[in-house]
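Working notes for the structure below.
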Amino acid sequence: MKASRGFSRAWDRISIYLPVILMGVLALGTYWLARTTPGVSNAVNGQHEAKHEADYFLRNFSVKSFTPQGRLKSEIQGVEARHYPDTDTLEIEQPRFRSYNDVGAVTIATAKHAISNGDASQVQLMGDAVVTRDPPPAQKDQPQMEIRSDFLHLFANDEKVKTDKPVSIRRGKDTFQADNLDYDNLDRVLQMHGRVHGLLLPHVPAAKP
């Protein structure tokens with residue numbers, strides 16, 4: 001009887017703290033689930049995984065950007081575009097990109113597909129990519145340059161074109177082929193690497209009237 005009464009008193013004391021113990025066990029279980037579940041874990045830590053999902057679409061569009069002085073700086077056209085907020089990029093189908101530098105030279109780029117950053121300062125052209133640069137109005141005697149490849153990375157502000165794919169270049173009547181290319185128009189440097197082939201034709205000045 002004494003043992004029974006002692007056990008009863010012990011149980012009464014334990015039962016007072018039983019709700020607290022159960023809450024502690026539940027809290028530990030919840031914490032473990034949160035730590036082992038990636039999405040919940042990030043939410044608990046105040047982090048949210050950015051999903052690569054488009055937040056808006058454009059069709060048969062034209063987007064223009066201007067300098068602070070109001071001069072047209074660039075224009076992007078395309079059949080369709082999707083904007084992804086996590087990377088602030090625009091994926092464009094059948095793009096046509098036009099850029100103007102400070103002296104009026106025009107760079108035109110086309111491809112089957114393109115990825116542009118937020119301000120169109122960098123455009124990755126994929127599939128039948130072509131970049132054409134016309135000389136500025138004050139230098140009309142300079143030949144046009146055309147660059148073709150399956151992939152071209154255009155840096156509009158720096159006037160650079162790069163690719164690690166086979167490329168063909170035409171400057172006036174001269175033509176070149178190479179395994180990759182690094183072109184800097186501002187520094188007037190054209191670097192071609194790998195198997196480089198070229199055909200240079202003599203320049204024949206136009207007859208004066």
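Of all residues in segment 156-191, those satisfying the criterion of being in a strand (DSSP E or B), open to solvent by 40 Å² or more (accessible area, probe 1.4 Å) and touching a residue at least 24 places away in the same chain (Cβ under 8 Å) are Lys160, Arg170, Arg171, Thr175. When Gln124 is tested against (1) in contact with a Phe, Trp or Tyr (Cβ under 9 Å, 6 or more places away or on another chain); (2) at pLDDT below 95; (3) surrounded by 16 or more Cβ atoms within 10 Å (Cβ to Cβ); (4) under 23 Å from Thr67 (Cα atoms), exactly one condition is not met: (2).
Applying the condition of being part of a strand (DSSP E or B) and open to solvent by less than 90 Å² (accessible area, probe 1.4 Å) to segment 192-209 and asking which residue is modelled with the lowest pLDDT yields Gly198.
The values are calculated or read from the model by the stated rules, or taken from the named source; none is laboratory data. Note that the structure is predicted; figures quoted are calculated from it, not measured. Virtual Cβ from ideal backbone geometry, glycine too; neighbours counted across all protein chains shown. All accessible areas refer to the heavy atoms of the entire protein, side chains included, with ligands and DNA or RNA removed. Shrake-Rupley method; radii C 1.70, N 1.55, O 1.52, S 1.80 Å.
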